[in-house]
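Remarks on the structure that follows.
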Amino acid sequence: MRRIISVLMENEAGALSRVVGLFAQRNYNIETLTVAPTEDKTLSRLTLTTTATDQQIEQITKQLNKLIEVVKLVDLTDGDHLERELMLIKLKATGAQRAEIKRTADIFRAQVVDVTQGAYTIQLTGTSDKLDAFLRAIQESTVLEMVRSGVSGLSRGEKVLSSKS
Amino acid sequence: MLSGGDILIRSLQEEGVEIIFGYPGGAVLHIYDALFRQNQIKHILVRHEQAATHMADGYARATGRAGVVFVTSGPGSTNAITGIATAYMDSIPMVVVSGQAQTHLIGTDSFQETDMVGISRPIVKHSFLLKSAEEIAEVIKKAFYIATSGRQGPVVVDIPKDITSPTELFPFEYPESISMRSYSPATKGHSGQIKKATAMLLEAERPMIYTGGGVVQGNGSEELIKLTRTLGYPITNTLMGLGGYPGTDKQFLGMLGMHGTFEANNAMHHCDLLLAVGARFDDRVTNTISKFCPYAKIIHVDIDPASISKNVVAHIPIVGPVDVVLKEMNRFAEEGITKRTDRQARLLSEWWDQIDGWRRQDCLRVTTDEGSKVIKPQQVIQAVYKATAGDAYVTSDVGQHQMFAALYYPFTEPRKWINSGGLGTMGFGLPAAMGVQVAFPDETVVCITGDGSIQMNIQELSTCAQYDLPVKIINVNNRALGMVKQWQDMQYEGRHSHTYMDSLPDFVKLVEAYGHVGFAVDNIDELDAVLAETFSLTDKLVFVDVNVDPDEHVYPMFVAPNGSMRDMWLKKGVRT
């Protein structure tokens, strides 16, 4: 099952490599990974997605918690949560294609953020599923280049992941 | 005001470090100079950095204090890796200070530069790469705190050379205590869980206690003995846990696992309740995991939450220090035992009858050919046990001799049996024995080794000469890599691919060349006399080269693959 794990850790050199190393060492997989400092500059928040069984996910979270630099973590998929991923995609856009791409982008509430005579660059935000759906909707042959940010997320409601609580 | 080098040494003094095992080099010259200008901390100069880590490891296992190692950058650091991994696998507290290239040269492929923090990452509990001298005191405090608390382990502190330079001075203050928001190991177990677990223990019909290295490292032996005796239950120890419960006690069923006893493995298989303490359900213990303890409810006590339900799901998990948890369990058990019913007492006695039946198999009986003078490896261990009155510190290398030592030398106290259980590091035995001898100069320290293992760190005989370390080395010499050969006999139709040790040195001459005493023995009638003389030479290193039967196998041995714990080979060609 797909899981989103969000990790609050010390914003120190080497902390990220320990998390990534742990996954490699224990034969777990990382599908997406994002990391950046939080409002407290001494902390980073890392979000990763992985596919694992319940027993594996228990081990993954326990092993992550053992890392000295990990302050706290949460498996967002345990409860109601928000998840977002950003995609930038550059599409070949000439002739009739231009209107078609624009229409598809509108349906997905995507924005055209850069335009040239031959190409559109489109920005799309949403769940990973939505990004996947967009990719299915456009012609594969029109894709010149694309990049996805990986998943970020928060729990819904009052629940927070904080070093204080 | 002090230099970075002096701050490091002062910090180690404040931490109460008595001895450092190490080897100097370019990147640690400033540190070694600071070491030279003081006389509180002693230093043992090894011949190879791997041995320094094993010595620190042996020291730590015997004393319970963190072992400390100094190595230089590059090859000094990489040589230390095997010893760090050994300590990591067995959860041994150790602080390794490694030199690093100067800060401005890091990343330029400079001389003797290697990414020590990167290389050691998967085999350390934690590591630090220092950026300034101001950090040194706090990082050393953290390093010792992390290494010695919770589930213990090795910590690497990598120090670029410029940070220890004598030209820059900084104020020194050693922190009295340290707290880390991201690290707080459990200090007690969950009382509700402990109470529930104890109630379950008292209700069991076929109970079994299985304990590991966590009881030894966590100083839980005393409480474990109390609990086991209060309950009157059978107990087994893992390879790492031997000595955690007295090996000569009637409730002790011997070691369990791949080479465990017939009675311990059978009792494990048939029990209806298993209390696991400080053990991690290693594959060498469980055999096929799906067939492990098919009838048992499992209570698992461990300081490391990640060890619980990793390989085998625990019905009652208890995270906490084993000594504290067992103490609380004892309180509940002492009260509960008074309410034991006649029926429960009868069931327990029936369980013991069943166990005694397995004991009658006498699985460790040594068979010798009538009139033969050939020494069996098991007899060597039995003779050493007799010669040392069962009271020595015994270290071992890795292989058949290790299993024979574990099976034929019953340990009655924790911390006296010292071996590389998790990583299985050949070359561990001699330096580990040296570390123990440094900690306890007046105790008898025996290294049980083999002709393969001893040659992996034999250069340390020179260090023994320099520091007068009178360890006793018993070389169980079968002219082969015995354990690999045994597997080749059993699984590869006797094709001995590269397991003969041709061209062995004359070990007696070799140790004499280092200035030590060597004896050779190949006749069973002479063994006791040679060992008596060996142990009478209390101030000398004595190396006994014992020629043993090269064809002996270690039994019992799990039937694998797909076997359960009760499926064992009992001798050549005979299985359950």
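Among B:569, B:487, which comes first, second and so on when ranked by fewest other beta-carbon atoms within 10 Å?
Neighbour counts put them in this order, fewest first: B:487, B:569.
Explain nothing, just compute: Karplus ³J(HN,Hα) = 6.51 cos²θ - 1.76 cosθ + 1.60, θ = phi - 60°, for every residue of region B:517-528 in order, whole Hz, x for Gly and Pro.
The phi angles translate into 9, x, 10, 10, 9, 9, 10, 4, 5, 9, 4, 4 Hz.
How high is the relative contact order of chain B, given as a whole-number percent (alpha carbon pairs under 8 Å, six or more residues apart)?
RCO, chain B: 14 percent.
From the phi of every residue in region B:105-111, what ³J(HN,Hα) in whole Hz does the Karplus formula 6.51 cos²θ - 1.76 cosθ + 1.60 yield, where θ is phi - 60° and glycine or proline is x?
9, 4, x, 9, 6, 6, 4
So if each residue of separation counts as 0.36 nm, and I subtract the Cα-Cα distance between residue B:291 and residue B:440, what length gain in nm does that give?
This chain segment gains 49.3 nm when fully extended.
For n ≥ 4 DSSP H runs only, could you compute -39500 (n - 2.57) per run for chain B, divide by its residues and tell me the 222 nm figure to the nearest 500?
-11000 deg cm²/dmol
Nearest 20 debye, what's the magnitude of the dipole of region A:82-152 about its Cα centre given +1 on Lys and Arg Cβ and -1 on Asp and Glu Cβ?
Dipole size: approximately 180 debye.
Let me see the P(r) profile for region B:383-524: every Cα-Cα distance counted, bins of 5 Å, each bin given as a percent of all pairs.
With 5 Å bins starting at 0, P(r) equals 2, 10, 19, 22, 21, 15, 7, 3, 1, 0.
In terms of the Cα gyration tensor, with a ≥ b ≥ c the square roots of its eigenvalues, is region B:323-418 rounded because a/c is under 1.5, prolate because a/b exceeds b/c, or oblate?
Verdict is oblate for region B:323-418.
Cα centroids of region B:82-143 and region A:59-91: how far apart, whole angstrom?
Cα centroid to Cα centroid, the span is 28 Å.
With both bridge residues required to lie in region B:485-576, what share of the DSSP beta bridges run antiparallel, to the nearest 5%?
Restricted to region B:485-576, the bridges split so that about 45 percent are antiparallel.
Count neighbours as other Cβ atoms within 10 Å of each site's Cβ, and list the trypsin sites (Lys or Arg not before Pro) in region A:37-74 that are DSSP loop with at most 12 such neighbours.
Answer in residue order: A:41.
Check residue B:395: other-chain or 5+ apart residues with amide H under 5 Å from its amide H, H built from backbone geometry?
Close amide H contacts, sequence-distant or interchain: B:418, B:446, B:447, B:448.
Using bins 5 angstrom wide from zero, how does P(r) for region A:1-65 break down, in % of all Cα pairs?
4, 17, 31, 26, 14, 7, 2
Amide H to amide H under 5 Å from residue B:68: which residues, 5+ apart in sequence or cross-chain, H placed 1.01 Å off N in plane?
Amide H to amide H, under 5 Å and 5 or more residues apart or across chains, residue B:68 pairs with B:21, B:95.
Would you mind computing, in nm to one decimal, how far apart the modelled labels at residue A:125 and residue B:313 are, each placed 7 Å from Cα along Cα→Cβ?
In this crude label model, residue A:125 to residue B:313 measures out at 4.1 nm.
So, in nm, how far is label residue B:571 from label residue A:86 when the simple model puts each one 7 Å beyond its Cα toward the Cβ?
7.5 nm
Quick one: grab Rg to one decimal and Dmax as a whole number for the protein assembly as shown, Cα atoms only, in Å.
Final numbers for Rg and Dmax: 29.5, 101 Å.
Mind listing which GluC sites (Glu not before Pro) in region B:446-549 are in a DSSP loop and have 11 or fewer other Cβ atoms within 10 Å?
Sparse-neighbourhood loop GluC sites (Glu not before Pro): B:493.
What list of ³J(HN,Hα) values in whole Hz, one per residue of region A:19-34 in order, does the Karplus curve 6.51 cos²θ - 1.76 cosθ + 1.60 (θ = phi - 60°) give from phi, with Gly and Pro shown as x?
Once rounded to whole Hz, the list reads 5, 5, x, 4, 5, 5, 4, 9, 6, 9, 10, 10, 8, 9, 8, 9.
In what sequence do A:155, B:349 fall when counting other Cβ within 10 Å, fewest first?
Going from least to most buried by this count: B:349, A:155.
Is chain B rounded, prolate or oblate when judged by the Cα gyration tensor, a ≥ b ≥ c being the square roots of its eigenvalues, rounded requiring a/c under 1.5 and prolate requiring a/b larger than b/c?
oblate
Remind me, relative contact order of chain A in percent, using alpha carbon pairs under 8 angstrom and six or more residues apart?
Once divided by the residue count of chain A, the mean separation gives 28 percent.
Partner chain Cβ atoms within 10 Å, averaged over the residues of A:16-26 - can you pull that number for me?
Across A:16-26, the average partner-chain Cβ count within 10 Å equals 2.
Taking every residue in A:62-70, how many Cβ atoms of other protein chains lie within 10 Å of its Cβ, on average?
If you average over the peptide's residues, the count of other-chain Cβ atoms is 5.
So which chymotrypsin sites (Phe, Trp or Tyr not before Pro) in region B:56-149 pass both tests, a DSSP loop state and at most 13 other Cβ atoms within 10 Å of the Cβ?
Qualifying residues, ordered by number: B:111.
Check residue B:128: other-chain or 5+ apart residues with amide H under 5 Å from its amide H, H built from backbone geometry?
For residue B:128, the qualifying residues are B:156, B:157, B:158.
Between residue B:272 and residue A:94, what is the spin-label point distance in nm, taking each point 7 Å from the Cα along the Cα→C-beta axis?
8.1 nm
Just so you know, all these numbers are worked out from the coordinates, no wet-lab data involved. Keep in mind that what you see is a predicted model, and the values were worked out from it rather than measured. We place every Cβ from the backbone using ideal geometry, glycine too, and count neighbours over all the protein chains shown.
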